[in-house]
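The values are calculated or read from the model by the stated rules, or taken from the named source; none is laboratory data. Everything numeric here is computed off the predicted structure, so don't read it as measured data. In this analysis, Cβ positions are derived from the backbone assuming ideal geometry, glycine residues included, and neighbour counts consider all displayed protein chains. With ligands, DNA and RNA removed, areas are computed over all heavy atoms of the protein, side chains included. Shrake-Rupley method; radii C 1.70, N 1.55, O 1.52, S 1.80 Å.
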Amino acid sequence: MTLLWDDRNRLGELRVGRRTTIVAGLSGVSVPALGLLGRTPAFVERRVDLTTGARSGEVGTTSAVLWSRAPGPSRMMVRLHSNGRHRRLVRGPWTDPRADLTARVHLTGLAPGREYAAEVWFETPEGERSAPEHLTFATAPIHAAAQTVLWSGDTFGQGWGIDLARGGVTTYRTMLDLRPDLFIHVGDTIYADEPMTDTVLLPENGTTWRNELTEDVLGVAETLDQFRGRHRYLLHDDNARAFHAAVPTAVQWDDHETCNNWWPGEIIDDEAYTERRADVLAVRGRRAWQEYQPVPVKRLVPADGDGFVATRLYRRIPRGQHLDLFLLDMRSWRGPNPDHDPAVVRDRVAAGLLGREQEAWLIDGLRRSTATWKVVSIDQPLSAPASRTYDLDGVSNGDGGPPLGREHEIGRVLAAIKRYRIRNVVWVTADVHYTAAYHYHPERASFTDFDPFWEFVSGPLHCSPFTPKDDQLDATFGPRAVFSHGKEEDLNVKIAPRPDNQHIGSLQVAASGALTVTLYDGAATPLWRRTLEPEPLVSPARAGT
(Lines give C-alpha, C1' and ligand atoms only; values in the text may rest on other atoms or scores of the structure.)
Protein backbone atom coordinates (compact mmCIF):
# COMPACT_ATOMS: atom_id res chain seq x y z
CA MET A 1 0.00 0.00 0.00
CA THR A 2 1.35 3.41 -0.97
CA LEU A 3 0.48 6.50 1.01
CA LEU A 4 -0.30 9.09 -1.62
CA TRP A 5 -0.14 12.07 0.74
CA ASP A 6 2.26 12.83 3.53
CA ASP A 7 1.48 16.07 5.38
CA ARG A 8 4.86 16.18 7.00
CA ASN A 9 6.73 16.06 3.69
CA ARG A 10 4.48 18.63 2.04
CA LEU A 11 4.78 21.28 4.72
CA GLY A 12 8.45 22.11 4.25
CA GLU A 13 10.38 24.04 6.84
CA LEU A 14 10.91 27.65 7.86
CA ARG A 15 13.71 28.91 10.06
CA VAL A 16 12.66 29.19 13.67
CA GLY A 17 13.40 32.47 15.43
CA ARG A 18 13.93 32.86 19.17
CA ARG A 19 10.55 34.64 19.54
CA THR A 20 8.38 31.86 18.05
CA THR A 21 7.35 30.46 21.42
CA ILE A 22 3.67 31.36 21.82
CA VAL A 23 1.01 28.71 21.22
CA ALA A 24 -1.57 29.75 18.64
CA GLY A 25 -5.09 30.35 19.79
CA LEU A 26 -7.76 32.97 19.49
CA SER A 27 -6.61 36.50 18.83
CA GLY A 28 -9.41 38.86 19.78
CA VAL A 29 -8.92 41.79 17.43
CA SER A 30 -11.18 44.80 17.13
CA VAL A 31 -10.46 46.01 13.63
CA PRO A 32 -11.18 49.72 14.15
CA ALA A 33 -9.10 49.74 17.33
CA LEU A 34 -5.96 48.32 15.75
CA GLY A 35 -4.68 51.55 14.34
CA LEU A 36 -3.57 49.39 11.40
CA LEU A 37 -0.64 51.62 10.60
CA GLY A 38 2.84 50.75 9.51
CA ARG A 39 4.31 48.58 6.80
CA THR A 40 4.66 44.83 6.61
CA PRO A 41 8.35 43.95 7.08
CA ALA A 42 10.17 43.06 3.88
CA PHE A 43 10.28 39.34 3.31
CA VAL A 44 13.28 37.24 2.40
CA GLU A 45 11.35 34.92 0.08
CA ARG A 46 7.99 33.21 -0.37
CA ARG A 47 8.96 29.63 0.18
CA VAL A 48 6.01 27.36 0.92
CA ASP A 49 2.36 27.22 -0.07
CA LEU A 50 -0.26 26.83 2.64
CA THR A 51 -1.39 23.37 1.58
CA THR A 52 -4.46 23.39 3.83
CA GLY A 53 -5.71 26.71 2.46
CA ALA A 54 -7.51 29.32 4.53
CA ARG A 55 -11.11 29.63 5.64
CA SER A 56 -13.57 31.84 7.47
CA GLY A 57 -16.19 30.93 10.03
CA GLU A 58 -18.84 32.09 12.49
CA VAL A 59 -19.57 35.14 10.34
CA GLY A 60 -22.34 37.22 11.89
CA THR A 61 -23.26 40.85 11.49
CA THR A 62 -20.03 42.37 12.86
CA SER A 63 -17.52 39.56 13.43
CA ALA A 64 -15.73 36.68 11.74
CA VAL A 65 -13.03 34.10 12.45
CA LEU A 66 -10.23 33.54 9.92
CA TRP A 67 -8.27 30.27 10.10
CA SER A 68 -5.26 28.70 8.45
CA ARG A 69 -2.33 26.38 9.11
CA ALA A 70 1.27 27.50 8.87
CA PRO A 71 4.10 25.68 7.06
CA GLY A 72 6.25 26.05 10.18
CA PRO A 73 6.56 28.04 13.43
CA SER A 74 5.56 31.57 12.49
CA ARG A 75 2.99 34.32 12.94
CA MET A 76 -0.38 34.53 11.21
CA MET A 77 -0.86 37.70 9.19
CA VAL A 78 -4.05 38.97 7.54
CA ARG A 79 -4.58 41.84 5.12
CA LEU A 80 -8.27 42.70 4.98
CA HIS A 81 -9.90 44.51 2.07
CA SER A 82 -13.42 45.91 1.73
CA ASN A 83 -15.20 48.18 -0.71
CA GLY A 84 -12.16 48.09 -2.94
CA ARG A 85 -10.32 50.75 -0.95
CA HIS A 86 -10.15 49.86 2.75
CA ARG A 87 -6.98 47.90 3.52
CA ARG A 88 -6.24 46.74 7.04
CA LEU A 89 -3.32 44.74 8.33
CA VAL A 90 -3.99 42.40 11.24
CA ARG A 91 -1.11 40.75 13.05
CA GLY A 92 -2.43 37.49 14.41
CA PRO A 93 -1.04 34.94 16.88
CA TRP A 94 2.16 32.93 16.70
CA THR A 95 1.81 29.22 16.14
CA ASP A 96 4.09 26.21 16.58
CA PRO A 97 3.72 22.40 16.71
CA ARG A 98 1.92 22.56 20.06
CA ALA A 99 -1.15 23.77 18.13
CA ASP A 100 -0.24 21.65 15.09
CA LEU A 101 0.70 24.94 13.40
CA THR A 102 -2.94 26.07 13.27
CA ALA A 103 -3.95 29.63 14.06
CA ARG A 104 -6.97 31.92 13.89
CA VAL A 105 -7.80 35.58 14.06
CA HIS A 106 -11.10 36.72 15.56
CA LEU A 107 -12.18 39.90 13.81
CA THR A 108 -14.71 42.14 15.56
CA GLY A 109 -16.08 45.56 14.74
CA LEU A 110 -16.73 44.69 11.11
CA ALA A 111 -19.35 46.57 9.13
CA PRO A 112 -22.67 44.73 8.70
CA GLY A 113 -23.72 43.69 5.23
CA ARG A 114 -20.29 44.20 3.68
CA GLU A 115 -18.16 41.98 1.47
CA TYR A 116 -14.58 41.39 2.59
CA ALA A 117 -11.55 39.87 0.92
CA ALA A 118 -8.51 38.71 2.86
CA GLU A 119 -4.96 37.60 2.21
CA VAL A 120 -3.60 35.20 4.80
CA TRP A 121 0.07 34.32 5.19
CA PHE A 122 2.56 33.36 7.89
CA GLU A 123 5.76 35.18 8.71
CA THR A 124 8.84 34.36 10.79
CA PRO A 125 10.72 36.92 12.93
CA GLU A 126 13.33 37.06 10.17
CA GLY A 127 10.68 38.21 7.69
CA GLU A 128 10.26 34.99 5.73
CA ARG A 129 6.72 34.65 4.41
CA SER A 130 4.64 31.81 3.13
CA ALA A 131 2.79 32.35 -0.13
CA PRO A 132 -0.55 34.03 0.65
CA GLU A 133 -3.93 32.36 0.50
CA HIS A 134 -6.99 34.39 -0.51
CA LEU A 135 -10.51 34.12 0.88
CA THR A 136 -13.74 36.09 0.78
CA PHE A 137 -16.74 36.42 3.09
CA ALA A 138 -19.63 38.80 3.71
CA THR A 139 -21.03 39.91 7.04
CA ALA A 140 -24.77 39.57 7.51
CA PRO A 141 -26.88 42.70 7.01
CA ILE A 142 -28.71 44.08 10.05
CA HIS A 143 -31.62 45.29 7.91
CA ALA A 144 -34.23 43.23 6.07
CA ALA A 145 -32.23 41.56 3.30
CA ALA A 146 -32.12 38.20 1.57
CA GLN A 147 -29.59 35.53 2.53
CA THR A 148 -29.03 31.81 2.04
CA VAL A 149 -27.69 29.33 4.60
CA LEU A 150 -26.90 25.71 3.68
CA TRP A 151 -26.59 22.84 6.12
CA SER A 152 -25.56 19.18 6.04
CA GLY A 153 -23.30 16.79 7.94
CA ASP A 154 -21.41 13.49 7.97
CA THR A 155 -18.11 13.41 6.06
CA PHE A 156 -15.88 10.38 5.25
CA GLY A 157 -18.00 7.76 6.98
CA GLN A 158 -17.97 4.04 6.26
CA GLY A 159 -14.45 4.21 4.88
CA TRP A 160 -15.22 6.41 1.86
CA GLY A 161 -12.37 8.82 1.30
CA ILE A 162 -11.20 10.98 -1.58
CA ASP A 163 -11.40 9.18 -4.93
CA LEU A 164 -9.83 11.57 -7.42
CA ALA A 165 -11.17 9.64 -10.42
CA ARG A 166 -14.69 10.36 -9.15
CA GLY A 167 -13.97 14.04 -8.64
CA GLY A 168 -13.13 13.99 -4.92
CA VAL A 169 -15.68 15.33 -2.45
CA THR A 170 -18.03 16.75 -5.06
CA THR A 171 -20.72 17.93 -2.65
CA TYR A 172 -18.43 20.81 -1.71
CA ARG A 173 -18.25 21.90 -5.33
CA THR A 174 -22.04 21.63 -5.54
CA MET A 175 -22.46 23.80 -2.46
CA LEU A 176 -20.05 26.36 -3.85
CA ASP A 177 -22.13 26.55 -7.02
CA LEU A 178 -25.23 27.27 -4.90
CA ARG A 179 -23.53 30.48 -3.70
CA PRO A 180 -24.59 30.43 -0.03
CA ASP A 181 -23.78 33.13 2.50
CA LEU A 182 -22.99 30.56 5.21
CA PHE A 183 -22.74 26.79 5.61
CA ILE A 184 -23.56 24.88 8.82
CA HIS A 185 -21.72 21.56 9.19
CA VAL A 186 -24.02 19.89 11.71
CA GLY A 187 -21.53 17.31 12.95
CA ASP A 188 -19.49 14.20 12.15
CA THR A 189 -16.94 16.42 10.44
CA ILE A 190 -14.67 13.37 10.47
CA TYR A 191 -15.08 9.66 11.19
CA ALA A 192 -12.19 9.14 13.58
CA ASP A 193 -13.36 5.62 14.37
CA GLU A 194 -13.62 4.22 10.83
CA PRO A 195 -10.40 3.28 8.99
CA MET A 196 -9.99 3.56 5.23
CA THR A 197 -8.50 1.06 2.81
CA ASP A 198 -6.89 1.81 -0.53
CA THR A 199 -9.60 0.16 -2.65
CA VAL A 200 -13.23 -0.91 -2.21
CA LEU A 201 -15.10 -3.08 -4.71
CA LEU A 202 -18.60 -1.69 -5.28
CA PRO A 203 -21.10 -4.58 -5.46
CA GLU A 204 -23.82 -2.41 -6.96
CA ASN A 205 -21.91 -1.86 -10.22
CA GLY A 206 -18.67 -3.84 -10.06
CA THR A 207 -16.38 -0.81 -10.16
CA THR A 208 -13.58 -0.02 -7.71
CA TRP A 209 -13.44 2.93 -5.35
CA ARG A 210 -9.86 4.11 -4.85
CA ASN A 211 -9.10 6.12 -1.73
CA GLU A 212 -6.26 8.59 -1.56
CA LEU A 213 -4.60 7.77 1.74
CA THR A 214 -2.58 9.30 4.53
CA GLU A 215 -1.13 7.40 7.44
CA ASP A 216 -3.70 8.89 9.82
CA VAL A 217 -6.76 7.38 8.09
CA LEU A 218 -5.50 3.77 8.11
CA GLY A 219 -6.67 3.03 11.65
CA VAL A 220 -8.87 4.43 14.39
CA ALA A 221 -7.73 7.77 15.83
CA GLU A 222 -6.45 7.55 19.39
CA THR A 223 -3.58 10.03 19.73
CA LEU A 224 -3.98 13.79 19.36
CA ASP A 225 -1.84 13.70 16.22
CA GLN A 226 -4.07 11.02 14.68
CA PHE A 227 -7.19 13.10 15.35
CA ARG A 228 -5.46 16.10 13.79
CA GLY A 229 -4.55 14.04 10.75
CA ARG A 230 -8.18 13.12 10.22
CA HIS A 231 -9.10 16.80 10.04
CA ARG A 232 -6.22 17.53 7.68
CA TYR A 233 -7.43 14.82 5.34
CA LEU A 234 -10.43 16.79 4.02
CA LEU A 235 -8.18 19.76 3.30
CA HIS A 236 -6.36 17.72 0.64
CA ASP A 237 -9.53 17.91 -1.45
CA ASP A 238 -9.54 20.70 -4.05
CA ASN A 239 -13.32 21.08 -3.81
CA ALA A 240 -13.23 21.58 -0.04
CA ARG A 241 -10.41 24.14 -0.15
CA ALA A 242 -12.15 26.13 -2.91
CA PHE A 243 -15.40 26.06 -0.93
CA HIS A 244 -13.75 27.19 2.29
CA ALA A 245 -12.04 30.06 0.51
CA ALA A 246 -15.40 31.45 -0.64
CA VAL A 247 -18.01 30.39 1.94
CA PRO A 248 -17.93 30.89 5.74
CA THR A 249 -18.75 27.86 7.86
CA ALA A 250 -20.30 27.27 11.28
CA VAL A 251 -19.31 23.87 12.61
CA GLN A 252 -20.68 21.51 15.27
CA TRP A 253 -19.39 18.22 16.56
CA ASP A 254 -21.15 14.91 17.21
CA ASP A 255 -19.94 11.41 18.03
CA HIS A 256 -17.59 10.46 15.17
CA GLU A 257 -15.18 13.28 15.98
CA THR A 258 -14.30 10.89 18.82
CA CYS A 259 -15.92 7.46 18.49
CA ASN A 260 -19.31 6.10 17.42
CA ASN A 261 -22.08 6.82 19.93
CA TRP A 262 -19.66 7.69 22.73
CA TRP A 263 -20.85 9.16 26.00
CA PRO A 264 -18.95 10.66 28.95
CA GLY A 265 -17.61 7.93 31.21
CA GLU A 266 -17.91 5.17 28.62
CA ILE A 267 -15.33 2.37 28.36
CA ILE A 268 -15.25 1.47 24.67
CA ASP A 269 -15.70 -2.24 23.92
CA ASP A 270 -13.75 -2.41 20.68
CA GLU A 271 -10.50 -4.33 20.19
CA ALA A 272 -9.34 -1.77 17.63
CA TYR A 273 -8.61 0.60 20.52
CA THR A 274 -5.73 0.46 22.96
CA GLU A 275 -7.07 3.58 24.76
CA ARG A 276 -10.67 2.66 25.60
CA ARG A 277 -11.64 5.52 27.91
CA ALA A 278 -14.03 7.68 25.89
CA ASP A 279 -13.30 10.69 28.11
CA VAL A 280 -9.60 10.56 27.21
CA LEU A 281 -10.33 10.19 23.50
CA ALA A 282 -12.93 12.97 23.65
CA VAL A 283 -10.44 15.48 25.08
CA ARG A 284 -8.08 14.77 22.20
CA GLY A 285 -10.86 14.72 19.63
CA ARG A 286 -12.37 17.96 20.94
CA ARG A 287 -9.00 19.72 20.90
CA ALA A 288 -8.22 18.61 17.34
CA TRP A 289 -11.71 19.67 16.23
CA GLN A 290 -11.23 23.12 17.73
CA GLU A 291 -7.74 23.48 16.27
CA TYR A 292 -8.98 22.72 12.76
CA GLN A 293 -12.32 24.52 12.67
CA PRO A 294 -12.81 28.30 12.35
CA VAL A 295 -14.62 28.58 15.66
CA PRO A 296 -14.26 31.50 18.11
CA VAL A 297 -12.28 29.54 20.69
CA LYS A 298 -11.45 31.66 23.71
CA ARG A 299 -8.34 30.94 25.68
CA LEU A 300 -8.87 29.72 29.22
CA VAL A 301 -6.79 30.46 32.29
CA PRO A 302 -3.39 28.75 32.25
CA ALA A 303 -4.51 26.24 34.87
CA ASP A 304 -6.80 24.67 32.28
CA GLY A 305 -3.79 23.44 30.37
CA ASP A 306 -4.18 23.39 26.61
CA GLY A 307 -5.99 26.73 26.30
CA PHE A 308 -9.05 25.36 24.54
CA VAL A 309 -12.68 25.33 25.57
CA ALA A 310 -13.32 22.14 27.52
CA THR A 311 -17.00 21.58 26.76
CA ARG A 312 -18.97 24.75 26.00
CA LEU A 313 -19.35 24.38 22.25
CA TYR A 314 -22.86 25.84 21.90
CA ARG A 315 -23.39 29.39 20.65
CA ARG A 316 -25.62 31.86 18.81
CA ILE A 317 -24.68 33.45 15.50
CA PRO A 318 -26.65 36.64 14.74
CA ARG A 319 -27.50 36.94 11.05
CA GLY A 320 -29.48 40.17 11.06
CA GLN A 321 -33.11 41.17 11.25
CA HIS A 322 -34.54 37.94 9.88
CA LEU A 323 -32.27 35.19 11.26
CA ASP A 324 -30.62 33.98 14.46
CA LEU A 325 -28.75 30.66 14.40
CA PHE A 326 -28.48 28.55 17.57
CA LEU A 327 -25.84 25.81 17.33
CA LEU A 328 -26.14 23.20 20.09
CA ASP A 329 -23.80 20.62 21.62
CA MET A 330 -25.64 17.36 22.30
CA ARG A 331 -22.53 15.32 23.10
CA SER A 332 -20.67 16.87 26.05
CA TRP A 333 -23.31 16.69 28.83
CA ARG A 334 -25.15 13.47 28.12
CA GLY A 335 -25.36 10.55 30.48
CA PRO A 336 -24.91 6.89 29.49
CA ASN A 337 -26.77 5.77 26.38
CA PRO A 338 -29.75 3.57 27.32
CA ASP A 339 -29.12 -0.08 26.54
CA HIS A 340 -32.55 -1.51 27.34
CA ASP A 341 -36.07 -1.36 25.95
CA PRO A 342 -37.61 1.90 27.26
CA ALA A 343 -40.49 -0.03 28.79
CA VAL A 344 -38.01 -1.65 31.18
CA VAL A 345 -36.72 1.70 32.38
CA ARG A 346 -39.99 3.62 32.22
CA ASP A 347 -39.54 5.27 35.58
CA ARG A 348 -35.94 6.25 35.07
CA VAL A 349 -35.28 9.85 34.04
CA ALA A 350 -32.04 9.71 32.09
CA ALA A 351 -29.69 12.65 31.73
CA GLY A 352 -30.57 14.77 28.74
CA LEU A 353 -28.40 15.65 25.78
CA LEU A 354 -28.09 19.38 26.46
CA GLY A 355 -27.55 19.66 30.18
CA ARG A 356 -29.39 22.13 32.40
CA GLU A 357 -27.08 25.07 31.64
CA GLN A 358 -27.37 24.73 27.88
CA GLU A 359 -31.12 24.09 28.09
CA ALA A 360 -31.61 27.32 30.05
CA TRP A 361 -29.30 29.19 27.66
CA LEU A 362 -31.33 28.02 24.65
CA ILE A 363 -34.68 28.98 26.14
CA ASP A 364 -33.37 32.36 27.24
CA GLY A 365 -31.77 32.99 23.85
CA LEU A 366 -34.95 32.12 21.98
CA ARG A 367 -36.95 34.42 24.28
CA ARG A 368 -34.56 37.32 23.77
CA SER A 369 -34.20 36.89 20.02
CA THR A 370 -35.92 39.56 17.93
CA ALA A 371 -35.02 37.86 14.64
CA THR A 372 -37.89 36.76 12.45
CA TRP A 373 -36.61 33.16 12.31
CA LYS A 374 -34.82 31.25 15.03
CA VAL A 375 -33.05 28.24 13.52
CA VAL A 376 -31.90 25.62 16.03
CA SER A 377 -29.20 23.34 14.63
CA ILE A 378 -28.97 20.02 16.47
CA ASP A 379 -26.63 17.11 15.79
CA GLN A 380 -29.26 14.51 16.78
CA PRO A 381 -32.77 14.34 15.22
CA LEU A 382 -35.76 14.62 17.54
CA SER A 383 -37.78 11.57 16.50
CA ALA A 384 -35.80 9.47 14.01
CA PRO A 385 -35.41 5.90 15.29
CA ALA A 386 -32.07 4.63 16.48
CA SER A 387 -30.08 2.54 14.03
CA ARG A 388 -30.07 -0.32 16.53
CA THR A 389 -32.16 -1.44 19.47
CA TYR A 390 -29.30 -1.16 21.96
CA ASP A 391 -26.99 1.77 22.66
CA LEU A 392 -29.74 4.30 21.97
CA ASP A 393 -27.79 7.42 21.07
CA GLY A 394 -30.39 10.08 20.24
CA VAL A 395 -33.43 11.82 21.68
CA SER A 396 -36.07 9.26 20.78
CA ASN A 397 -36.43 5.87 22.39
CA GLY A 398 -39.05 4.30 20.14
CA ASP A 399 -41.69 4.11 22.86
CA GLY A 400 -44.06 6.70 21.37
CA GLY A 401 -45.77 7.42 24.66
CA PRO A 402 -45.27 10.28 27.14
CA PRO A 403 -41.69 11.58 27.44
CA LEU A 404 -39.16 9.13 28.80
CA GLY A 405 -35.46 9.57 29.44
CA ARG A 406 -33.95 12.27 27.23
CA GLU A 407 -37.32 13.27 25.84
CA HIS A 408 -38.13 15.15 29.07
CA GLU A 409 -35.47 17.73 28.20
CA ILE A 410 -36.80 18.37 24.69
CA GLY A 411 -40.32 18.50 26.10
CA ARG A 412 -39.30 21.29 28.47
CA VAL A 413 -37.77 23.29 25.62
CA LEU A 414 -40.85 22.87 23.42
CA ALA A 415 -43.16 23.77 26.29
CA ALA A 416 -41.13 26.93 26.99
CA ILE A 417 -41.37 27.97 23.34
CA LYS A 418 -45.16 27.72 23.63
CA ARG A 419 -45.36 29.33 27.08
CA TYR A 420 -43.32 32.36 26.07
CA ARG A 421 -45.06 32.59 22.69
CA ILE A 422 -41.79 32.35 20.78
CA ARG A 423 -42.61 32.34 17.08
CA ASN A 424 -40.94 30.93 13.98
CA VAL A 425 -38.61 28.35 15.51
CA VAL A 426 -37.27 25.84 12.96
CA TRP A 427 -34.99 22.87 13.72
CA VAL A 428 -32.34 21.51 11.34
CA THR A 429 -30.20 18.41 11.75
CA ALA A 430 -28.22 15.69 9.96
CA ASP A 431 -26.74 12.44 11.40
CA VAL A 432 -29.10 9.86 9.84
CA HIS A 433 -27.70 9.95 6.27
CA TYR A 434 -30.89 10.90 4.46
CA THR A 435 -32.94 14.02 3.92
CA ALA A 436 -36.44 14.66 5.22
CA ALA A 437 -39.05 17.24 6.17
CA TYR A 438 -40.83 16.36 9.42
CA HIS A 439 -43.79 18.34 10.70
CA TYR A 440 -44.67 18.11 14.41
CA HIS A 441 -48.15 18.77 15.81
CA PRO A 442 -49.67 18.21 19.28
CA GLU A 443 -52.77 16.65 17.72
CA ARG A 444 -50.64 13.66 16.70
CA ALA A 445 -48.51 13.59 19.87
CA SER A 446 -48.48 11.88 23.25
CA PHE A 447 -46.91 15.03 24.71
CA THR A 448 -49.10 17.98 23.73
CA ASP A 449 -47.70 21.06 25.48
CA PHE A 450 -46.10 22.64 22.41
CA ASP A 451 -46.88 24.58 19.24
CA PRO A 452 -46.55 22.97 15.79
CA PHE A 453 -43.09 23.23 14.24
CA TRP A 454 -40.84 21.87 11.47
CA GLU A 455 -37.67 19.80 11.64
CA PHE A 456 -35.58 19.44 8.47
CA VAL A 457 -32.95 16.74 7.97
CA SER A 458 -30.10 16.77 5.46
CA GLY A 459 -27.04 14.60 4.84
CA PRO A 460 -24.73 12.97 4.31
CA LEU A 461 -22.03 15.04 2.66
CA HIS A 462 -19.72 12.12 1.86
CA CYS A 463 -20.87 8.82 3.39
CA SER A 464 -23.05 5.83 2.62
CA PRO A 465 -26.73 6.78 2.42
CA PHE A 466 -29.15 5.19 4.89
CA THR A 467 -32.80 4.28 4.48
CA PRO A 468 -35.47 6.57 6.02
CA LYS A 469 -37.70 4.82 8.55
CA ASP A 470 -40.70 7.11 8.33
CA ASP A 471 -43.07 4.45 9.68
CA GLN A 472 -40.91 4.13 12.81
CA LEU A 473 -40.75 7.77 13.90
CA ASP A 474 -41.19 8.15 17.65
CA ALA A 475 -44.70 9.54 18.16
CA THR A 476 -44.02 11.34 21.46
CA PHE A 477 -43.94 14.78 19.80
CA GLY A 478 -46.27 13.96 16.91
CA PRO A 479 -43.98 13.91 13.84
CA ARG A 480 -45.25 13.32 10.33
CA ALA A 481 -42.92 12.64 7.42
CA VAL A 482 -43.98 15.11 4.75
CA PHE A 483 -41.01 14.11 2.58
CA SER A 484 -37.94 11.87 2.80
CA HIS A 485 -35.27 10.60 0.44
CA GLY A 486 -32.39 8.22 1.08
CA LYS A 487 -31.06 4.79 0.28
CA GLU A 488 -33.49 2.82 -1.89
CA GLU A 489 -31.35 -0.19 -2.78
CA ASP A 490 -32.38 -3.20 -0.75
CA LEU A 491 -28.82 -4.48 -0.42
CA ASN A 492 -27.00 -5.60 2.68
CA VAL A 493 -23.90 -3.72 1.52
CA LYS A 494 -22.39 -0.30 1.93
CA ILE A 495 -23.41 2.04 -0.87
CA ALA A 496 -20.73 4.43 -2.09
CA PRO A 497 -21.38 8.19 -2.11
CA ARG A 498 -22.84 9.43 -5.38
CA PRO A 499 -24.31 12.82 -6.24
CA ASP A 500 -27.81 11.32 -6.27
CA ASN A 501 -27.59 9.86 -2.74
CA GLN A 502 -25.88 12.72 -0.86
CA HIS A 503 -27.94 15.63 0.48
CA ILE A 504 -27.71 19.37 1.13
CA GLY A 505 -30.35 21.54 2.85
CA SER A 506 -30.97 25.20 2.07
CA LEU A 507 -32.61 27.96 4.11
CA GLN A 508 -33.30 30.94 1.85
CA VAL A 509 -34.58 33.99 3.71
CA ALA A 510 -36.23 36.64 1.53
CA ALA A 511 -36.10 40.36 2.29
CA SER A 512 -39.80 40.07 3.12
CA GLY A 513 -39.03 37.52 5.85
CA ALA A 514 -40.41 34.46 4.06
CA LEU A 515 -38.29 31.33 4.53
CA THR A 516 -37.91 28.90 1.64
CA VAL A 517 -36.56 25.48 2.61
CA THR A 518 -35.12 23.37 -0.20
CA LEU A 519 -33.79 19.84 0.15
CA TYR A 520 -31.24 19.07 -2.58
CA ASP A 521 -29.35 15.97 -3.56
CA GLY A 522 -25.58 16.14 -3.98
CA ALA A 523 -25.91 17.37 -7.55
CA ALA A 524 -28.12 20.34 -6.53
CA THR A 525 -31.27 18.71 -7.88
CA PRO A 526 -34.20 20.08 -5.83
CA LEU A 527 -36.02 17.16 -4.21
CA TRP A 528 -38.52 19.10 -2.07
CA ARG A 529 -39.27 22.76 -1.44
CA ARG A 530 -41.61 24.67 0.84
CA THR A 531 -41.94 28.40 1.59
CA LEU A 532 -42.90 29.25 5.17
CA GLU A 533 -44.48 32.60 5.96
CA PRO A 534 -43.48 33.97 9.37
CA GLU A 535 -45.99 34.46 12.14
CA PRO A 536 -46.08 37.91 13.79
CA LEU A 537 -43.57 38.19 16.61
CA VAL A 538 -44.58 38.70 20.23
CA SER A 539 -42.41 41.11 22.21
CA PRO A 540 -40.65 39.58 25.24
CA ALA A 541 -42.51 42.00 27.54
CA ARG A 542 -45.87 40.67 26.35
CA ALA A 543 -44.86 37.03 26.25
CA GLY A 544 -45.32 36.44 29.96
CA THR A 545 -42.88 35.19 32.56
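Applying 1/(1 + (r/R0)^6) with R0 = 45 Å to the Cβ-Cβ distance of R480 and E126 gives a FRET efficiency near 0.10. Once the Cβ-Cβ distance of R179 and A272 is raised to the sixth power relative to R0 = 56 Å, the FRET efficiency obtained is 0.85.
Other residues whose C-beta falls under 15 angstrom from the C-beta of R114 contribute a net charge of +2, scoring Lys and Arg +1 and Asp and Glu -1. Other residues whose C-beta falls under 9 angstrom from the C-beta of E407 contribute a net charge of -2, scoring Lys and Arg +1 and Asp and Glu -1. Roughly how many whole Å is it from the C-alpha centroid of region 377-416 to that of region 100-137? Cα centres, region 377-416 to region 100-137: 42 Å. Database remark: amide H of S74 closer than 5 angstrom to the amide H of T95 (H placed geometrically; neighbours at sequence offset of 5 or more, or on other chains; Pro and chain starts carry no H). Placing unit charges on the Cβ atoms of the charged side chains and taking the dipole of region 409-480 about its Cα centre, the candidate lying farthest along the positive direction among H433, P452, P468 is P452. How about region 357-407: which trypsin sites (Lys or Arg not before Pro) there are in a DSSP loop, with at most 11 other Cβ atoms within 10 Å of their Cβ? Here the sparse-neighbourhood loop sites are R388. If R0 is 51 Å, the Cβ-Cβ spacing of E357 and E204 corresponds to a FRET efficiency of close to 0.65. For the modelled label position 7 Å from the Cα of V280 along Cα-to-Cβ, which residues of region 217-257 have backbone nitrogen atoms closer than 18 Å? Answer for region 217-257: 220-228.
Restricting the calculation to Cα atoms, region 116-272 shows an Rg/Rh of 1.02 when the hydrodynamic-style radius is the Kirkwood one. Taken one residue at a time, the phi angles of region 210-215 give Karplus couplings (6.51, -1.76, 1.60, θ = phi - 60°) of 10, 7, 6, 10, 10, 4 Hz. Gly and Pro are set to x. Taking a point 7 Å from the Cα of E119 along the Cα-to-Cβ direction, the residues of region 228-257 with backbone N closer than 19 Å to it are 245-246.
The mean accessible area for residues of region 93-190, using a 1.4 Å probe and ignoring ligands and nucleic acids, is 29 Å² per residue. Derived scalar couplings between HN and Hα for region 57-63 equal x, 6, 6, x, 7, 9, 9 Hz in order, rounded to whole Hz, by the Karplus curve 6.51 cos²θ - 1.76 cosθ + 1.60 (θ = phi - 60°), x for Gly and Pro. The length gained by stretching the chain between A145 and T370 to full extension, at 0.36 nm per residue less their Cα-Cα distance, is 79.5 nm. Here region 400-474 carries DSSP beta bridges of which approximately 55% are antiparallel, counting only pairs with both residues inside.
Given +1 at the Cβ of Lys and Arg, -1 at the Cβ of Asp and Glu and no other charges, the dipole of region 91-197 around its Cα centre is 360 debye to the nearest 20. In region 436-517, which GluC sites (Glu not before Pro) fall in coil by DSSP and have 16 or fewer other Cβ atoms within 10 Å? Here the sparse-neighbourhood loop sites are E488, E489. Placing a label point 7 Å from the Cα of N83 along the Cα-to-Cβ direction, the residues of region 120-148 whose backbone N falls under 15 Å from that point are 139.
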